[in-house]
Amino acid sequence: MYHRAKVIKIEDLTGFRRLYCHTGNNDISFEPGGYIKIIFVGSNERRMRSFSISQVGESSFAIDFVAHGKPGPASIWQQNLLVGDEFDFKGPGPASKISLSSDNFYFYADYTALPALHAHLSTIEKSKNIYIFFEGKHEVLKKYIVDFNYNLITEKDAFLNLLKQPVAKKSSFWAAGERLKILQIRELTKSHKDKYESFYLSSYWQLGEEDEGHRIQKKQDRLIL
Ligand SMILES: Cc1cc2nc3c(=O)[nH]c(=O)nc-3n(C[C@H](O)[C@H](O)[C@H](O)COP(=O)(O)OP(=O)(O)OC[C@H]3O[C@@H](n4cnc5c(N)ncnc54)[C@H](O)[C@@H]3O)c2cc1C
């Protein structure tokens, strides 16, 4: 079943374009970190692209587009979008789950995963240890993730080495981003992923591949969503 939303406000954030959208339908319940699939209708095809819910209001929600600059139905659409435009979407789907009883949380995210990461940070007690490796410019992360205490792992090698170490007691791991990077993480963690209280990996997009191709690969990889 499809729903319709209207764009009520557009905001430019560093690295992102935030669309505030209104459905006028109280029966649809959105949660931060959940996702919708926006429908794009071409001359003889219908295409879908997934986006996380970054903000929730009354009958309304926001999504944050990464300005990735390559031509695709979603990226072209969002560049030309105006307040008052309407679109159809499928969903919302639920947010991913993490174990909130853990003491240590390890996150890997790129730009596309920042809305979902932000949603998770909002649910974790402030006293817990949070470690983040961000695949992108640190200034973007720092502007996006404010009011949370976390340890930023700045070196990729340090992060990859950490993945090879024995898992600290009561730890959770969450990673989302580009498919090949996620596959690398899966390889490094495959022998000890069961030691985490919760462990989540999801491929959100693939370099050099449109989402239709990416989704086929992801199914073959058995990567979530
Ligand atoms: C559960 C889930 C949640 C997601 N949440 C968000 C979100 O909140 N915000 C968001 O922006 N994206 C999010 N994504 C990723 C988004 O769905 C993909 O980036 C999608 O491919 C964009 O569609 P497109 O039409 O712009 O490009 P496509 O037609 O899919 O691809 C066209 C070209 O652009 C390249 N490309 C696609 N995405 C990127 C990128 N991020 N960076 C660099 N190159 C890219 C492709 O490799 C390809 O070469 C999410 C994906 C999933 C599965």
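The values are calculated or read from the model by the stated rules, or taken from the named source; none is laboratory data. Only a predicted model underlies this, so the values are computations on that prediction, with no experimental measurement involved. Cβ atoms come from the backbone with ideal geometry, glycine included; neighbour counts cover every protein chain shown.
Here are some notes:
- Taken together, the residues in region 49-71 that are surrounded by 14 or more Cβ atoms within 10 Å (Cβ to Cβ) and either within 18 Å of the chain's Cα centre (by Cα) or of a type in the set (K, R) (or both) amount to 15.
- Taken together, the residues in region 187-208 that are within 16 Å of the ligand (Cβ to nearest atom) and in contact (Cβ under 8 Å) with a residue 12 or more places away in the chain amount to 8.
- Per-region count, region 138-180, residues touching a Leu at 6+ places or on another chain (Cβ under 9 Å) and touching a residue at least 24 places away in the same chain (Cβ under 8 Å): 18
- The condition (being part of a helix (DSSP H, G or I) and in contact with a strand residue (DSSP E or B) (Cβ under 8 Å, 6 or more places away or on another chain)) is satisfied by just one residue among S102, S75: S75.
- Residue selected from region 34-84 under the condition among the acidic types (D, E) and over 17 Å from Y144 (Cβ atoms), by the criterion farthest from the ligand (Cβ to nearest atom): E58
- Where F89 falls short, out of the listed (1) more than 11 Å from the ligand (Cβ to nearest atom); (2) within 27 Å of K193 (Cα to Cα); (3) not assigned by TED's automatic domain parsing to the domain that holds G213: (2)
- Taken as a whole, the condition of being closer than 13 Å to Y106 by Cα and of a type in the set (S, T, Y) applies to Y200.
- Number of residues in region 122-150 that are of a type in the set (D, E) and crowded, with 17+ Cβ neighbours inside 10 Å equals 1.
- Each residue in region 100-118 was checked for being more than 10 Å from the ligand (Cβ to nearest atom), hydroxyl-bearing (S, T, Y) and surrounded by 14 or more Cβ atoms within 10 Å (Cβ to Cβ), and 3 of them qualify.
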